[in-house]
Amino acid sequence: PDHSKASFYAAVAILENIGHALGDPMMQQIFAAVMGGPVFWLATPFFFAGGLYMLAGIFTLFFRVDNLGAKIDE
């Protein structure tokens, strides 16, 4: 139904905003912490973000969407 689709999109938007609220300052703090080190460590925030994306991708493998109640003719 349409109301469940709207609730799903609202939940995604809320989680995205929470992710930005927590992730952006965290990335800035990591980058600020490695500024004084060797040049190699400047990529640390990006490796960290890549690891989080990899975990999120693996996590999505465990979700399944069933369309048992959907009608094709609609």
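The values are calculated or read from the model by the stated rules, or taken from the named source; none is laboratory data. Keep in mind that this is a model prediction, so the values were computed, not measured. Here Cβ is always computed from backbone atoms with ideal geometry, including for glycine, and neighbour counts include all displayed protein chains. Only protein heavy atoms, including side chains, enter the accessible area calculation; ligands, DNA and RNA are left aside. Shrake-Rupley method; radii C 1.70, N 1.55, O 1.52, S 1.80 Å.
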Query raised in the report: So which residues in segment 55-74 are open to solvent by less than 100 Å² (accessible area, probe 1.4 Å), at pLDDT 85 or above and either touching a helix residue (DSSP H, G or I) at 6+ places or on another chain (Cβ under 7 Å) or hydrophobic (A, V, I, L, M, F, W, C) (or both), if there are any at all?
Result: Ala56, Ile58
Requested in this report: Specify the residue that is most open to solvent (accessible area, probe 1.4 Å); the eligible residues are those in segment 1-38 that are closer than 16 Å to Tyr53 by Cα and in contact with a Phe, Trp or Tyr (Cβ under 9 Å, 6 or more places away or on another chain).
Outcome: Met26
Query raised in the report: Only one of (1) in contact with a helix residue (DSSP H, G or I) (Cβ under 7 Å, 6 or more places away or on another chain); (2) open to solvent by less than 90 Å² (accessible area, probe 1.4 Å) is not met by Trp41, so which one is it?
Result: (2)
